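I have placed the structure first, in the form of structure tokens, so that the comments after it can refer back to it.
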Amino acid sequence: PVVRIAAVGDFHSGEANKGGYRENFSQVNREADVLLLAGDLTNWGTAAEMKVAVSELKDVDIPIAAVLGNHDHESGELGVTSDILRDRGVHLLDGDTFELNDQVGIAGVKGYMGGFGRRALTSFGEQLTKNFVAASMEEVHKLELALRRLSTPIRIALLHYAPVVDTVIGEPEEIYPFLG
């Protein structure tokens with residue numbers, strides 16, 4: 001069976017764009033079987049903004065799985081904003097999984113910065129650099145463990161930060177390390 005996936009990220013909800021996405025999100029019920037939200041649902045990560053984001057999703061009847069992005073962490077209101085999403089019925093993933101059905105499972109983490117391949121930052125030198133790389137590797141390990149826990153034959157990795165360089169092509173090369 002075919003599973004149709006709708007995915008969006010970085011829609012940065014707030015008072016300024018309240019109501020601007022609701023109609024588009026309502027169409028997802030006809031077009032997809034699941035909606036994936038890839039983080040930066042808000043501008044500053046406030047409860048008020050997350051309530052706007054949830055109001056944009058009001059008409060969505062299909063399952064929703066989401067990860068948070070860096071903007072969603074900004075205000076320090078992570079507990080409250082996460083509860084707002086969960087109260088809406090969103091499957092909020094942070095090293096967690098959501099099995100859509102017996103064929104398709106989703107593992108999600110925020111991800112982190114650090115670069116790609118041979119150009120990735122390594123854990124060498126100053127302690128701050130080592131801490132930075134450790135934060136990135138913690139996200140990698142959370143995703144790896146979540147993917148292993150899925151028993152479905154089709155496994156989807158949902159991240160905010162780019163997992164591979166191919167997903168940032170078109171952005172200025174100077175900022176690639178900050179995108180994933």
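So that you can scan it fast, the table gives a plain yes or no per residue for (1) touching a helix residue (DSSP H, G or I) at 6+ places or on another chain (Cβ under 7 Å); (2) β-branched (Val, Ile, Thr):
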| site | (1), (2) |
| --- | --- |
| 90 | no, yes |
| 104 | no, yes |
| 116 | yes, no |
| 149 | no, no |
| 161 | yes, no |
| 170 | no, no |
Would you kindly identify the strands (runs of 3 or more DSSP E) lying entirely within the stretch 8-124 that contain at least 2 residues that are touching a Phe, Trp or Tyr at 6+ places or on another chain (Cβ under 9 Å)? 34-38, 104-109
Identity of the residue in the stretch 1-50, touching a Gly at 6+ places or on another chain (Cβ under 6 Å) and free of Cβ contacts under 8 Å to residues at least 60 places away in the same chain, that ends up least open to solvent (accessible area, probe 1.4 Å): 49
So which residues in the stretch 66-97 are in contact (Cβ under 8 Å) with a residue 24 or more places away in the chain, open to solvent by less than 40 Å² (accessible area, probe 1.4 Å) and over 15 Å from residue 7 (Cα atoms), if there are any at all? 72, 81, 84, 85, 95
Test: residue 121 is open to solvent by 50 Å² or more (accessible area, probe 1.4 Å), modelled with pLDDT under 95 and either of a type in the set (A, V, I, L, M) or under 21 Å from residue 97 (Cα atoms) (or both): yes
I need the full set of residues from the stretch 7-26 which are modelled with pLDDT under 95, of a type in the set (A, V, I, L, M, F, W, C) and within 10 Å of residue 56 (Cα to Cα), in order please. none
Of (1) loosely packed, with under 13 Cβ neighbours inside 10 Å; (2) free of Cβ contacts under 8 Å to residues at least 12 places away in the same chain, residue 102 satisfies every one except (2)
All positions within the stretch 119-136 that are among the β-branched types (Val, Ile, Thr) and over 21 Å from residue 163 (Cβ atoms): 129
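For (1) of a type in the set (Phe, Trp, Tyr); (2) open to solvent by less than 80 Å² (accessible area, probe 1.4 Å); (3) at pLDDT 95 or above, each residue gets a yes or a no:
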position: 133; (1), (2), (3): no, yes, yes
position: 142; (1), (2), (3): no, yes, yes
position: 149; (1), (2), (3): no, no, yes
position: 152; (1), (2), (3): no, yes, yes
position: 158; (1), (2), (3): no, yes, yes
position: 164; (1), (2), (3): no, yes, no
position: 168; (1), (2), (3): no, yes, no
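The values are calculated or read from the model by the stated rules, or taken from the named source; none is laboratory data. Just so it is clear, the model here is predicted, and its values are computed rather than measured. Note: ideal-geometry Cβ built from the backbone for every residue, glycine included; neighbour counts use all protein chains shown. When the accessible area is computed, the model is the full protein with side chains, heavy atoms only, and any ligands, DNA or RNA have been set aside. Shrake-Rupley method; radii C 1.70, N 1.55, O 1.52, S 1.80 Å.
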